[in-house]
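Participant: Got a structure for you, written out below as structure tokens; questions coming shortly.
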Amino acid sequence: MEWRKHIIADEAVLLGKPTVKGTRISVEHIIGLLAQGWTEQQILENYPRLN
């Protein structure tokens, strides 16, 4: 997978933090959820804009 197609950093969105393209969900947040033990399925259920 080419991550650059899915992650962007735009100064106008979350002060330039890397986000999932087309959302305001930060990559940092997703990694934090995984670190807390969330499964991929739990993340997808709670954030339906992700795929």
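The values are calculated or read from the model by the stated rules, or taken from the named source; none is laboratory data. Since we're looking at a predicted model, the values are computed, not measured. Please note: Cβ atoms are built from the backbone with ideal geometry, for glycine as well, and neighbour counts cover all protein chains shown. Areas reflect the complete protein model, heavy atoms only, side chains present, ligands, DNA and RNA absent. Shrake-Rupley method; radii C 1.70, N 1.55, O 1.52, S 1.80 Å.
Participant: Kindly indicate whether any position in segment 31-49 is among the acidic types (Asp, Glu) and over 11 Å from the mean Cα position of the chain (by Cα).
Facilitator: Scanning segment 31-49 turns up at least one residue that is among the acidic types (Asp, Glu) and over 11 Å from the mean Cα position of the chain (by Cα).
Participant: What number of residues within the chain are assigned to a helix (DSSP H, G or I), touching a Ser or Thr at 6+ places or on another chain (Cβ under 7 Å) and open to solvent by less than 50 Å² (accessible area, probe 1.4 Å)?
Facilitator: So the count comes out to 1.
Participant: Could you run through the chain and say how many residues are touching a Pro at 6+ places or on another chain (Cβ under 7 Å) and basic (Lys, Arg)?
Facilitator: 0
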